[in-house]
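Data first, discussion second: the structure below is written as structure tokens.
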Amino acid sequence: MGDILDEATALIRCKECPWYKNCVTPMQVSAEDIAQFRLMMQGANLPEVARNQMEDVLENIASASQNMILQSCPVFTQRLKDNPGLAQRIKEMMQNWGKEEERPDK
């Protein structure tokens, strides 16, 4: 019975999705996010050299993470965890992306 309720809850959450139908989106770190971190760092009692080094590290992490990290909705994440077959199909789709267009018979 719990499985049925969990699936029904997931369907309702999807239909009322606050993610605006974007189940997965690339992580975005804006200049405003970095500016907020800098403001927090100013309140910390760190030497200026350490503060500058931490800011540099943060900017490097933010830049790299935008190409590697995805934000996903909790329903999508749970469905992937609960269904390894679904995750495998998505992986195969990504690995074969664009191959359909390259076939001369299609």
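The values are calculated or read from the model by the stated rules, or taken from the named source; none is laboratory data. Keep in mind it's a predicted model, so treat the numbers as computed, not measured. Cβ atoms come from the backbone with ideal geometry, glycine included; neighbour counts cover every protein chain shown. The area values use the complete protein model at the heavy-atom level, side chains included, leaving out ligands, DNA and RNA. Shrake-Rupley method; radii C 1.70, N 1.55, O 1.52, S 1.80 Å.
Quick check for you: with a 1.4 Å probe and neighbouring chains kept, what is the accessible area per residue of the chain, in Å²?
The answer is 84 Å² per residue.
Figure the gain on full extension for E59 and A35 (residue separation times 0.36 nm, minus the Cα-Cα span) and round it to one decimal in nm.
Working it through step by step, the gained length comes to 7.6 nm.
Ranked highest first by average number of other Cβ atoms within 10 Å, how do 72-80, 26-34 line up?
In descending order of packing, they fall as 72-80, 26-34.
Among [x] 1.13; [y] 1.45; [z] 1.60, which one is Cα Rg over 2.2 N^0.38 Å computed from these coordinates?
Label of the calculated value: [z].
Let's test the formula: R0 of 25 Å, r as the Cβ-Cβ distance of C14 and Q95. What FRET efficiency results, to the nearest 0.05?
It comes out at approximately 0.45.
How far is helix 31-43 tilted, in degrees, relative to the longest principal axis of the Cα atoms in the chain, given as a value from 0 to 90 rounded to the nearest 10?
The angle comes out at about 40 degrees.
Quick one: which of 6-16, 89-99 comes out on top by average Cβ neighbours within 10 Å, and what's the full order, highest first?
Per-residue Cβ counts within 10 Å, averaged per peptide and sorted highest first, yield 6-16, 89-99.
Between D82 and I4, how many nm apart are label points set 7 Å from Cα along the C-beta direction?
Going from the D82 label point to the I4 one covers 1.4 nm.
Using the basic label-point model (7 angstrom from Cα toward the beta carbon), what is the A44 to L70 distance in nanometres?
For the pair A44/L70, the computed spacing is 3.1 nm.
Expressed as a whole percentage, what fraction of the accessible surface of the chain belongs to carbon and sulfur atoms when a 1.4 Å probe is rolled over the protein heavy atoms?
Looking at the chain in its full context, I get 57 percent from C and S.
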